[in-house]
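Please read the structure below before turning to the comments.
The values are calculated or read from the model by the stated rules, or taken from the named source; none is laboratory data. Remember, it's a predicted structure, so these values are computed and weren't measured experimentally. We place every Cβ from the backbone using ideal geometry, glycine too, and count neighbours over all the protein chains shown. What goes into the accessible areas is simple: the full protein's heavy atoms, side chains included, and nothing from ligands, DNA or RNA. Shrake-Rupley method; radii C 1.70, N 1.55, O 1.52, S 1.80 Å.
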Amino acid sequence: MNAGNSKSEQKDKKDEKSGTGFEAVLPPDPKLRDVIVIAFGLTLGVLLVGGVQGLTNAQQLVENGRWVAHTHEVFGKIEGLLSNLKDAETGQRGYLLTGDQKYLQPYDDALRSMQGIISELDELMSDNPAQQERLDALKPKITELQHQWAQTVELMKGGNRAAAIQIVQSDTGKGLMDDLRHAVATMKDAEQLLLHERAIESKTSYRSTVWAILLTTLIGVGFLILVFVLSQRNIRRRQRVARAYAEQAERLRTTLASIGDAVITTDVAGRITNMNPVAESLTGCQNSEAIGQPLEAVFRIVNEETRKIVANPVTRALQEGVVVGLANHTVLIAKDGSDRPIDDSAAPIRCKEGEIVGCVLVFRDVTERKQVEQLQSERLADAQRLATIVDSSNDAIISKSLEGIIQTWNSAAQGLFGYTAQQAIGRHISLLFPPDRIDEEERIINLLRAGKRIEHYDTVRVRNDGQPVHVSVTISPLRDAEGRIVGASKIVRDITERKEMENKLRRLVAELSDSDRRKDEFLAILAHELRNPLAPIRNGLQLLRVSGDQAANVKDVCSMMERQMSQLVRLIDDLMDVSRITRGKLELRMEQVPVSTVVDSAVEASRPLIEEMGQELTVISPTQPIIVNADPTRLAQALMNLLNNAAKYSERGSHIWLSTERQGDDVVISVKDSGIGIDADQLPRIFEMFRQVHSSLGKSQGGLGIGLTLVKRLIELHGGSIEARSDGPGKGAEFDVRLPMAIDALSPTVVGEGAKRPLKSSFRILVVDDYKDSADTLAKMLRIMGNESRTAYDGQEGIDLAEDFRPEVILLDIGLPKLNGYEVCHQIRELPWGKSIVMIAVTGWGQEEDRRRSQEAGFDHHMVKPVDPEHLMKMLAGLQIPAVE
């Protein structure tokens, strides 16, 4: 025994000299070892049972703890998902309300992290089908909400804030957000229920574990009591070792306290043996309460992004005997729950023999460094985004110094002005100014120095090829970190198309104003021209009333009234012809006709006016016949208008020439006068509707200002053209009509004039017209021609009178009271005696559509008021009417 004690004392001295700072490992006393063996044999059975039970309970407890941690983690992810949705919505709303780009940062961050959270929830909930189903139902709503946010942000970026606000005000997003909150609440409730169930399971496992530990502890206490007495002999020896350890520990504590980084030392089992004040501050745990605890109880670290527990570096350092550093994005969770990013490393502690006796963990708070790195990263990202926005903008974006030196130049600026960035940067901004606008730069700089912003300033700049370009410029002052104005940022937009549109609108307004003025002039002229014939007609009627039966007066008045009536009819016919041509309703009856025949008709129609003016007309005809494809009536009408204009706008006794000549495959008909002429500025517009050469009252010669328009349209319908020339006021005018000659035209034949048939007839004729004077006068004229006539003044009266009178011919107006003319014609045709009656529509409606309708209603002929008596006489004289039953 003494020999053994001597060897133990020698070992103690050796351990004291080791200077490791940790408790020396001493060999146990042999007697104590025997007692332990005996005690172990007695308690082995109990320990095996308790150990198996404790192990099972411990495993269950660990499993329950893992599931509780899993549930808490799911809780955290769900909360994170809801938080990101709120952040994204807040950022989107902030951007829509203010238009400030800084609100898009939290919006973009939330969208980026949201997908990661959803992926992690997919992984975490893979073992829970019910939760997975809820998450799957949640995803499309999140996607729809993100799509709506993106749509409003894009609309806002595109400048359509009203459309973006309208989408927000539709409450679709609110409904989706409410659905998401409800779904998240349901998921949280499910996790809460799981957490409750797992807590109960953990408590049960805990109680079982406690009982197993308690039983084992009781056995261990017995064992300790047994060895207590024997261990006292070693106390003195260990006290010496403890004093040495305390001295070394004090030296180590002093050393660690003076280090700026946090330091924790552990034994080979990973239990804390010491912490310096910095470690106490960072962990929130005092050294006195930390010593002896596992490192994980004090040094709790998780991943910054995933919040998953990070493996303890000390464990690996002890196992592998190497220095181990933490991965990036590691966060230390303090005792109070706060967290901070750290950077650390763990290294094994070895004794002189190289045996690992512990581990030292050195770590530091890198919050400030992370903040600096984050700030730098954000600034870099902002700069990159800004550069991308500037370069991809459709508007030219240019920055310059207060001295006017160009500093930045985006691709849109190159497209607008033609200079590359290398050519523009470093040069003065006056490079883009026209010479007459160079003083604008000084005014702009003065406004910028005063801190004023220039909004949408329309001006002119020049491209590199010298071409001017209309632009709208917005200029904002640029400030440095201290708020001093150091330059300006320009946004330049090409508004050339807008300016061209404005000019077009101004021209259109002027044209509309001119058209409106000419319309007013036309209405005034129309009223004047319609009143002109009415005045002599009224005077003639009064003259007939007071002159009695003086034949000379009656003849003169009738001639005058016939002329004035012809003038009224011509005015109305011109209006109707222009209307038909404008609407494409005028139909030409084309035939091969000699030009001379058309010219003769026009001359015959215009001769009374020419003779009245005492003018001389010279007609120059070609030596050979010229044939054209034409409607002889319409072509003669066009030439007659030209001759009438020449007569009206020439002085009394002047000369008019009408010539026809062949030019190649065309025939040119020229009407020339020596009249008042045409101003040079009027020539391009002479053929416009309602345009008169001289519209003043002093120079007006009658007409509606549509004659030349009608002539031009008629000539063009014949495939020809017309040109006006004049050397100016007082020098006359000349109109050349060019028409294509007929190809393979037959030689003209002279048609002899047959014997005129007597304009007499003897029919029973019913006149139906609600205009009583018109009906009565027409009936009297028919009686003078030898017919028996009756009159009716409405549609129903016409049917009743026809039943009694049984007429052979009915002259029927269309616009009748009670029954219109179409209805009267239809009903009479339905009667047995009405099928053979000659029905003639006599109406003021003379369009092709009106003629078609009258034919469909059963009329045989269609005549337009006022009826030409000679034409009516010819029509009646040629009728062959079977007897009426």
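Quick notes on this one:
- Taken over the stretch 81-127, the criterion of being without any contact (Cβ under 8 Å) to a residue 40 or more places away in the chain, open to solvent by less than 50 Å² (accessible area, probe 1.4 Å) and over 24 Å from Leu375 (Cβ atoms) is satisfied by Ile118, Asp122.
- Entirely in the stretch 431-516, the strands (runs of 3 or more DSSP E) that have 2 or more residues that are within 25 Å of Gly415 (Cα to Cα) and hydroxyl-bearing (Ser, Thr, Tyr): 454-462, 468-479
- Of all residues in the stretch 218-239 being open to solvent by 80 Å² or more (accessible area, probe 1.4 Å) and at pLDDT 70 or above, the one that is nearest to Val366 (Cα to Cα): Gln239
- Residue within the stretch 481-489 that is more than 15 Å from Ile406 (Cα to Cα), in contact (Cβ under 8 Å) with a residue 24 or more places away in the chain and in contact with a helix residue (DSSP H, G or I) (Cβ under 6 Å, 6 or more places away or on another chain) present: no
- Candidate set from the stretch 261-279 (those that are out of contact with any Lys or Arg (no Cβ under 8 Å at 6 or more places or on another chain) and in a loop (DSSP other than H, G, I, E, B)); member that is most open to solvent (accessible area, probe 1.4 Å): Val268
- When the stretch 447-459 is filtered for residues that are farther than 15 Å from Gly404 by Cα and either at pLDDT 90 or above or of a type outside the set (A, V, I, L, M) (or both), the ones remaining, listed by number, are Gly451, Lys452, Arg453, Glu455, His456, Tyr457, Asp458, Thr459.
- The stretch 863-874 - residue that is surrounded by fewer than 18 Cβ atoms within 10 Å (Cβ to Cβ) and part of a helix (DSSP H, G or I) and, of those, nearest to the chain's Cα centre (by Cα): His871
- From the options Val331, Val360, Val372, residue that is closer than 17 Å to Thr283 by Cα and either under 59 Å from the mean Cα position of the chain (by Cα) or of a type in the set (Lys, Arg) (or both): Val331
- Every residue from the stretch 594-617 that is under 16 Å from Val668 (Cα atoms), open to solvent by less than 40 Å² (accessible area, probe 1.4 Å) and not aliphatic (A, V, I, L, M): Pro594
- Against the list (1) farther than 20 Å from Gly159 by Cβ; (2) without any contact (Cβ under 8 Å) to a residue 24 or more places away in the chain; (3) assigned to a strand (DSSP E or B); (4) of a type in the set (S, T, N, Q), the condition Ser399 fails is (2).
- Complete set of residues in the stretch 333-348 that are out of contact with any Ser or Thr (no Cβ under 7 Å at 6 or more places or on another chain), part of a strand (DSSP E or B) and at pLDDT 85 or above: Ile333, Asp339, Ala346, Ala347, Pro348
- Residue that is farthest from Asn464 (Cα to Cα), among those in the stretch 410-443 that are surrounded by fewer than 15 Cβ atoms within 10 Å (Cβ to Cβ) and among the hydroxyl-bearing types (Ser, Thr, Tyr): Ser430
- All told, Tyr457 falls short of being without any contact (Cβ under 8 Å) to a residue 60 or more places away in the chain and either more than 30 Å from Glu154 (Cα to Cα) or of a type in the set (A, V, I, L, M) (or both).
- Residue that is farthest from Ile715 (Cα to Cα) [pool: residues in the stretch 642-654 that are open to solvent by 10 Å² or more (accessible area, probe 1.4 Å) and part of a helix (DSSP H, G or I)]: Lys648
- Some residue of the stretch 136-157 being closer than 22 Å to Val68 by Cα and among the small types (Gly, Ala, Ser): no
- Exactly one residue out of Leu326, Leu295, Leu282 is modelled with pLDDT of 85 or more, within 30 Å of Lys77 (Cβ to Cβ) and either among the small types (Gly, Ala, Ser) or in contact with an Asp or Glu (Cβ under 8 Å, 6 or more places away or on another chain) (or both), and it is Leu282.
- Cβ-Cβ under 8 Å pairs, at least 6 apart or on other chains, the stretch 132-159 side under 17 Å from Thr172 (Cβ atoms), far side part of a helix (DSSP H, G or I) and open to solvent by 80 Å² or more (accessible area, probe 1.4 Å): Leu155/Arg161
- Test set (1) free of Cβ contacts under 8 Å to residues at least 40 places away in the same chain; (2) more than 30 Å from Leu155 (Cβ to Cβ) - Val74 fails condition number: (1)
- Single unsatisfied condition, Leu282 versus (1) more than 21 Å from Gly337 (Cβ to Cβ); (2) of a type outside the set (D, E, K, R); (3) crowded, with 16+ Cβ neighbours inside 10 Å: (1)
- When Pro807, Pro817, Pro748 are checked against the criterion of being assigned to a loop (DSSP other than H, G, I, E, B) and modelled with pLDDT of 90 or more, a single residue qualifies: Pro807.
Results for (1) open to solvent by less than 30 Å² (accessible area, probe 1.4 Å); (2) of a type outside the set (A, V, I, L, M); (3) closer than 19 Å to Val74 by Cα, shown as yes or no for each residue.
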residue: Pro129; (1), (2), (3): no, yes, yes
residue: Asp136; (1), (2), (3): no, yes, yes
residue: Gln148; (1), (2), (3): yes, yes, no
residue: Ala163; (1), (2), (3): yes, no, no
residue: Ile167; (1), (2), (3): no, no, no
residue: Thr172; (1), (2), (3): no, yes, no
residue: Val184; (1), (2), (3): yes, no, yes
residue: Met187; (1), (2), (3): yes, no, yes
residue: Ser208; (1), (2), (3): no, yes, no
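A quick yes/no check of all residues on (1) in a helix (DSSP H, G or I); (2) crowded, with 17+ Cβ neighbours inside 10 Å; (3) polar (S, T, N, Q):
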| position | (1), (2), (3) |
| --- | --- |
| Gln796 | yes, no, yes |
| Ala802 | yes, yes, no |
| Val824 | yes, yes, no |
| Met839 | no, yes, no |
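- Criterion violated by Glu123 - all others in (1) at pLDDT 80 or above; (2) under 31 Å from the mean Cα position of the chain (by Cα) satisfied: (2)
- Residues in the stretch 605-640 that are assigned to a strand (DSSP E or B) and more than 57 Å from the chain's Cα centre (by Cα): Glu616, Leu617, Thr618, Val619, Ile620, Ile627, Val628.
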